[in-house]
Amino acid sequence: MMLTKNFVKNKTVFLRADLNVPLRKGEVADSTRITAAIPTIKFILPNCKKLIIASHLGRPKGKPEKKYSLLPVKKELEKFFSDVGFAKNLNNIPDNKIVVLENLRFYSGEKKNDLAFAKLLAKTSDVMVNDAFGTSHRKHASVYSLAKLLPTVPGFLLEKELKNLNVKKYKKPKVAILGFAKLSDKIDIVEGLLNQVDLALIGGGAVFTFLKAQGYSVGKSLVEEDMVKVAKKILRKHIHHIVLAVDFETKNHEIVPFNMIKRNDVCLDVGPASVELFKGALSKAKTVIWNGPLGVFEKGFDKSSEAIAEYLADSKAKTIIGGGDTAAMINEFGLKSKMDFVSTGGGASLELLAGHKLPAVEVLKK
Ligand code: ADP
Ligand code: MG
């Protein structure tokens, strides 16, 4: 089934979007994901009776936490639409044509894919449109169980992402740039991804767990001790497909080679030699897949990422960017339009690239 005027006609529509945007001082710091949801909202709105927009934001632990409220998202939507209300909880849905629900992860049932919670959500609406590409790798109540309870179709963003992230159709050599914060977050897809690409360039936070696995000391940089063993295994198996960063910029703006990180060094970006090394590898690529900033760009450690982004902007390789933080960073550099595709998904895009099925997409096929 597809999203058509008929599907939403005179209905109360539950739109599960991915409005998990970065916030700064209580305001939306990057509205990429909101802008990306606009075409679907604009299509539904004139045809439906009422539009309920739901999303999660951040990682609250199953109960309300003010810093993760969706109120800033509601305010951002008011720049595009009039008559936008806000529902603090599911029992009090106001009378506006558009209603934004408070963070779905304020309910413990969301992440547990709890059927009773999905039933509560289902009661609010007649049909569902799932446009939450960034959440489609999760088997959570609002994207999975709810799709079984209400007639559900994919939104335009979800369709577009699936089409553009079908990298099997892209040309080799394929090179991945991986800069995630934590290996543990993305471990299940790293392996799959390594099987799809010819080379993976690793910087960001995860690189230190790999360095540790090789026996180097990484000072006070981010390390996941319990992932060192796994990192070792990955290195052993894919040694010919992995390039680790070779130098770093510390918190005090010193440049240190990978084998000379001092006890108190906190490495927050990869250094200039790594940038040159990565550029060399990228010069041979026909397809580049980038997830994860190479440094803590939010705190100004963005030199390496910017140099790589500028290099890619001028390169002929097809460049695909995935990840909330990565997309926000590319936006900050003003280079979004120079990339071939900027996905709104992080984990979800990587899962697809790794050749895995997305539960929230599979459930729509039933
Ligand atoms: P995305 O949201 O694009 O999928 P992640 O959330 O996995 O990416 O990773 C981005 C985070 O990694 C950013 O918050 C960034 O500050 C952090 N990061 C990058 N380099 C380092 C580093 N050297 N040490 C600690 N964190 C880092
Ligand atoms: Mg992130």
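The values are calculated or read from the model by the stated rules, or taken from the named source; none is laboratory data. In this text, all values refer to a predicted model and were calculated from it rather than measured experimentally. Here Cβ is always computed from backbone atoms with ideal geometry, including for glycine, and neighbour counts include all displayed protein chains. These accessible areas exclude ligands, DNA and RNA; they are computed on the full protein's heavy atoms, side chains included. Shrake-Rupley method; radii C 1.70, N 1.55, O 1.52, S 1.80 Å.
Tally Lys and Arg at +1 and Asp and Glu at -1 over the other residues with C-beta under 12 Å from the C-beta of residue 62: what net charge comes out?
Working: positive: 59, 61, 63, 105, 111, 112; negative: 65, 110, 114.
Net charge in that neighbourhood comes out at +3.
Output the relative contact order of the range 1-113, whole-number percent, from Cα pairs under 8 angstrom with separation of 6+ residues. Could you put the intermediate results ahead of the total?
On the way: 188 pairs, mean separation 30.5, N = 113.
Once divided by the residue count of the range 1-113, the mean separation gives 27 percent.
Could you point to the residue in 293, 91, 317 farthest towards the positive end of the chain's charge dipole, with +1 and -1 charges on the Cβ of Lys/Arg and Asp/Glu respectively?
Sorting the options by dipole projection puts first 91.
Karplus couplings for the range 140-146 from phi (6.51 cos²θ - 1.76 cosθ + 1.60, θ = phi - 60°), rounded to Hz, Gly and Pro as x?
9, 3, 6, 9, 10, 4, 4
Please list, ordered by chain and number, the residues whose modelled amide H lies under 5 Å from the amide H of residue 15; skip anything fewer than 5 residues away on the same chain.
52, 53, 54, 129
Non-local amide H neighbours of residue 87 (under 5 Å, H modeled in plane, Pro and chain starts lacking H): which ones?
100, 101, 102
Taking 0.36 nm per residue of separation and subtracting the Cα-Cα distance, what length does fully extending residue 260 through residue 123 add?
43.4 nm
HN-Hα J couplings of the range 320-333 from phi, Karplus 6.51/-1.76/1.60, θ = phi - 60°, integer Hz, Gly and Pro as x?
So the Karplus estimates, Gly and Pro as x, are 10, 10, x, x, x, 5, 5, 5, 4, 5, 4, 4, 4, 6 Hz.
Can you give the convex hull volume of the alpha carbon atoms of the chain per residue, in Å³?
Details: hull volume 49.3 nm³, N = 366.
For the chain, the hull spanned by Cα atoms encloses 135 Å³ per residue.
Hey, got the dipole for the chain? About the Cα centre, +1 on K and R Cβ, -1 on D and E Cβ, debye to the nearest 20?
1180
In square angstrom, what is the accessible area per residue of the range 240-366 with a 1.4 angstrom probe? The partial results should precede the final answer.
On the way: 5600 Å² over 127 residues.
On a per-residue basis, the range 240-366 sits at 44 Å².
Would you work out the Kirkwood radius for the range 258-366? I mean one over the mean of 1/r across all pairs of different Cα atoms, in Å.
15.3
Through the Karplus equation 6.51 cos²θ - 1.76 cosθ + 1.60, θ set to phi - 60°, convert the phi angles of the range 226-236 into ³J(HN,Hα) values in whole Hz; use x for Gly and Pro.
These are the phi-based 3J(HN,Hα) values: 6, 9, 4, 4, 5, 4, 4, 5, 4, 4, 4 Hz.
How much length is gained on full extension from residue 220 to residue 42, taking 0.36 nm per residue of separation minus their Cα-Cα distance? Spell out each step's value before the answer.
Values: separation 178, 0.36 × 178 = 64.08 nm, distance 4.82 nm.
Once the chain is fully extended between residue 220 and residue 42, it gains 59.3 nm.
In whole percent, how big is the carbon plus sulfur part of the accessible area of the chain, probe 1.4 Å, protein atoms only? Please list the in-between numbers first.
Details: 8530 of 16600 Å².
C and S fraction of accessible area: 51 percent.
With a cut-off of 8 Å between alpha carbons and a minimum separation of six or more residues, what is the relative contact order of the range 127-219 in percent?
24
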